[in-house]
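As structure tokens, the structure follows; a few thoughts come after it.
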Amino acid sequence: MTSIGIVGAGVAGLHLGLHLRQQDLDVTIYTNRTAEQVADGRIMNSVAHMSATIDIEHELGIGEWPGTDAEYSYHYHYNGWGDDRRFKGVFEKPARIIDYRIYLPRLMAEFEARGGRLEIRDLSVAEIEALTEQHDLVVVSTGKGEIGALFPRREGKSPYTSPQRKLAVGFWKGVAERDPRGVEISVAPPAGELLVLPMWSFSGKVNALLFESVPGGPQEVLTDRRYEEDPEAYRALTLEMLKEFHPTVYERIDESAFELQNGAKDILQGAVTPVLREDYVLLPNGRYLLALGDVHMTVDPVQAQGANSATYSAKVVADVIREDHVFDERFMRKVARRRAERLEASTDWVNIIIQNPPAEQIPLLFTEMVHNQELANRFTENFNYPIRQIDLLGSPERVAAAIAATTGE
């Protein structure tokens, strides 16, 4: 029987494992944390799953989440440019956000229940290379430092060598919902952005506040000042930033109830450097490693393309494995070719959005969407379709063409 090893039990690795168990293949996922440790740990992200990802979850039999209230259908915007700044876009089908400390342990349990193996241990580069002698194919879906460096950067698709935003995300109570429910995106040059994400966590409905702060700007203090040093001072600082830069969010705050759901476990501070790496690498023993998930493509979370791209990529890999069990360079090229257009579109789109100073077409697009509902809905629905999104906003000429097409001018 074909044997597959997967390094990493994030969304990419677990989705791939579940796809492959549907093919009745022998699959082992290697991870350094048990399901219980994941559930009891610090937040990892504030990931929104678009409807295209939810469709894949239904194919895997993990699409139903009874007892949760996690869906939303709107994006509310506070535009950072122009006089009129508020607008909204509507999805054709709902997206949803579930705390990954709930989501990932369920998938780990499903994987094992369906006959997959979870092996809990840290792996070095040498140990990962040794796995290629044990399995017919090894897929690396997580890893930093030396593990990430196994796969060279694609320089033409990795324009940044340092983080373009400093990140601080916390799961807060005391934030009123938008009605109808939706994500709010507040753009405040030159401070950065704020995403308010309605989600389901251990206490039920909470809001993730994801501050995307321009390095050197006034909002970056929310990343640089550590919450654990003085929780009350950090809470007050968060309210101050909301009041100064994000008024449409501040108006939703009940200060008497504004607190993290579970203290220090419910806040994450840091930064990521966006990068797209090569799809595979040839090892000295003549075997290949295939990249997947964050180790393949790391994007800033501001446009919700990391996990959604990872689930798409996992499905592509599984589809190729279904038709081809010869894991040579032709196989690797086949995977790379089939997922290239979408993943490249995702990384290009996000890299344009976080460009500083802004790419010239972005203020034009956002200002137009204030009064152009058709365009706002198109931009919103395209969170499911990165290729369509880069077709929309990839250049000033493309934005101008989209405006003309929706206004008849």
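When region 124-151 is filtered for residues that are at negative phi, in a loop (DSSP other than H, G, I, E, B) and touching a residue at least 60 places away in the same chain (Cβ under 8 Å), the ones remaining, listed by number, are Thr132, Glu133, Gln134, His135, Asp136, Ser141, Thr142, Ile147, Phe151. Number of residues in region 175-193 that are buried (at least 17 other Cβ atoms within 10 Å of the Cβ) and part of a loop (DSSP other than H, G, I, E, B) equals 2.
Candidates are the residues of region 121-131 that are under 14 Å from Ile6 (Cβ atoms) and in contact with a helix residue (DSSP H, G or I) (Cβ under 9 Å, 6 or more places away or on another chain); the one that is surrounded by the fewest Cβ atoms within 10 Å (Cβ to Cβ) is Arg121.
Residues in region 271-322 that are on the phi > 0 side of the Ramachandran plot and either surrounded by fewer than 21 Cβ atoms within 10 Å (Cβ to Cβ) or touching a Phe, Trp or Tyr at 6+ places or on another chain (Cβ under 9 Å) (or both): Gly286, Ala304.
Let's see how each residue does on (1) within 19 Å of Arg85 (Cβ to Cβ); (2) among the hydrophobic types (A, V, I, L, M, F, W, C):
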| residue | (1), (2) |
| --- | --- |
| Met199 | no, yes |
| Gly204 | no, no |
| Asn207 | no, no |
| Thr223 | no, no |
| Glu232 | no, no |
| Ala236 | no, yes |
| Val249 | yes, yes |
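Taking region 301-321 as the range and being within 18 Å of Gln355 (Cβ to Cβ) and touching a strand residue (DSSP E or B) at 6+ places or on another chain (Cβ under 7 Å) as the test, the residues that pass are Pro301, Val302. Restricting region 365-409 to residues that are touching a residue at least 24 places away in the same chain (Cβ under 8 Å) and in a loop (DSSP other than H, G, I, E, B), the residue that is surrounded by the fewest Cβ atoms within 10 Å (Cβ to Cβ) is His371. Could you tell me whether region 318-326 includes any residue that is touching a residue at least 24 places away in the same chain (Cβ under 8 Å) and either in the same structural domain as Leu393 (by TED's automatic domain parsing) or touching a Ser or Thr at 6+ places or on another chain (Cβ under 6 Å) (or both)? Yes, there is a match, as at least one residue in region 318-326 is touching a residue at least 24 places away in the same chain (Cβ under 8 Å) and either in the same structural domain as Leu393 (by TED's automatic domain parsing) or touching a Ser or Thr at 6+ places or on another chain (Cβ under 6 Å) (or both).
The values are calculated or read from the model by the stated rules, or taken from the named source; none is laboratory data. Nothing here was measured: the structure is a model prediction, and the numbers come from that model. Quick reminder, even Gly has a Cβ in these numbers, built from the backbone with ideal geometry, and neighbours come from all protein chains shown.
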